[in-house]
1. Can you list residues whose amide H is under 5 Å from S233's amide H, if they're 5+ apart or on another chain and H is modeled 1.01 Å from N?
2. Evaluate the relative contact order of the range 229-342 (contact order divided by residue number), counting alpha-carbon pairs under 8 angstrom at least 6 apart; express in whole percent.
3. Just the number, please: Stokes-Einstein D of the range 141-286 in µm²/s, Kirkwood Rh from C-alpha pairs, 10 °C, 1.306 mPa s.
4. When a/c is below 1.5 the answer is rounded, else prolate if a/b is larger than b/c, else oblate, so apply that to the range 260-364 with a ≥ b ≥ c taken from the square roots of the Cα gyration tensor eigenvalues.
5. Residues with amide H under 5 Å of G9's amide H, sequence separation 5 or more or different chain, H placed in the peptide plane at 1.01 Å from N; which?
6. Determine ³J(HN,Hα), in whole Hz, for all residues of the range 156-162 in sequence, where each value follows from phi through the Karplus function 6.51 cos²θ - 1.76 cosθ + 1.60 and θ = phi - 60°; x replaces Gly and Pro.
7. Run the numbers on the chain and let me know its relative contact order in percent, using alpha-carbon pairs under 8 Å that are six or more apart.
8. What nm distance separates the two modelled labels at D42 and E363, each placed 7 Å from Cα along Cα→Cβ?
Amino acid sequence: MVLSITGLGMVSSVGLDVVQSCAALRAGITRPRQLVYFPVIDEEHQELVPLTGHPIHGFTDGFAPVGRWIRLARGCVDDLLLLGQVPGRAAPEFWQRTGLIWVGPVLDGARFMEARQLGVEGLKSAFLSQLKKMLELPFAGECHAINQGHAGMAAALQYAQQRLPRSAVDRFLIVAMDSYLDQLSLEWLQAHRRLKSPDIPVGLMPGEAAACILVEDPAAARRRNVAPQAFVSAVSVGQEHDRSVARRPSVGQALANVIEDALAKVLGPGKAFRGDIVCDLNGEVWRASGWGTTRVRLGARLDEPVRLVIPGVSLGDTGAASGAVALCVAVRSFRRKYASSSRSLVVSSSEHGAIGAFVLGAEA
């Protein structure tokens, strides 16, 4: 099922709305800051230096993980409502026929104290309840949580494709958010030697972001006389055999299969894809190696004119928000006419092994 994208919202370290953020990403703007609360050792000089990351300065300062998620979610949904095409909070008949999907990080007890205290299902339930309350939207339809990290956006789109034809709702609001900038998340990354620091030049720079996407049945969009901003043409998700992929390079087979499946749904067998590929490369060896071997396996399926777009260059690693950020980047490139073709491919890989790919089109 093709999905119409009829609304976008976003907050990031380079902009507090989707228009500003995507324009800044296109221009290559980046705003890294020293995280003075998290020093790391510079082994060459034997002294402590602040880690560098990409916080949304002045927006999430002082919030613990769950508080950051709420703050980020509210920010991107407010942006979606301000951009138009979507009725405001005083339109209960619209929101009562809208489902909510939360896309978040894997709720690893080693990273989140709340997951240890409440249990994974308890934290999911508590957060969804709080999210509905803080967004101040009268959802009456189903609410669903997808906690697969980077690959969560692909899984959310697949869920929406499967549910809309047989659901009581006409659309889903997908809200994705994540932050690696709280103390425990940084300690978790450091324990696995994943942070970019003076003695680990190939680590990630921690970031944070949130993006929300309104997807709906094309017929429902036509009924309310709304022109879609873009379309989700195909989605595919999968799982690496090794769930600890961040500890060793991937051979790329599973990711190649997922991309091939998504492309086959749109292009048919054998035809080369031409367009932008928006991916979640972040400076880590395992992710770069996995993408490199995937690219080789796909061969001519990804034609030479493809252009690789990497939001992480400006934002750092935004975790579970990265797939939604990539979608916003691709859709805005269609709208502003700087995409290299009328199709874009988004590719995501979670450190816990979940993988996903989806194809976006400027036209249905």
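1. Counting only residues 5 or more places away or on other chains, the set is V359, L360, G361.
2. Details: 129 pairs, mean separation 35.0, N = 114.
Relative CO of the range 229-342 lands at 31 percent.
3. 88 µm²/s
4. Oblate.
5. Amide H neighbours of G9: C212.
6. 5, 5, 5, 4, 5, 4, 6
7. Relative contact order for the chain comes out at 24 percent.
8. The answer from the label model is 5.6 nm.
The values are calculated or read from the model by the stated rules, or taken from the named source; none is laboratory data. Note that the structure is predicted; figures quoted are calculated from it, not measured. Don't worry about glycine lacking a Cβ; one is built from the backbone with ideal geometry, like all the others, and counts go over all protein chains shown. For accessibility, only protein heavy atoms count, side chains too; no ligands or nucleic acids. Shrake-Rupley method; radii C 1.70, N 1.55, O 1.52, S 1.80 Å.
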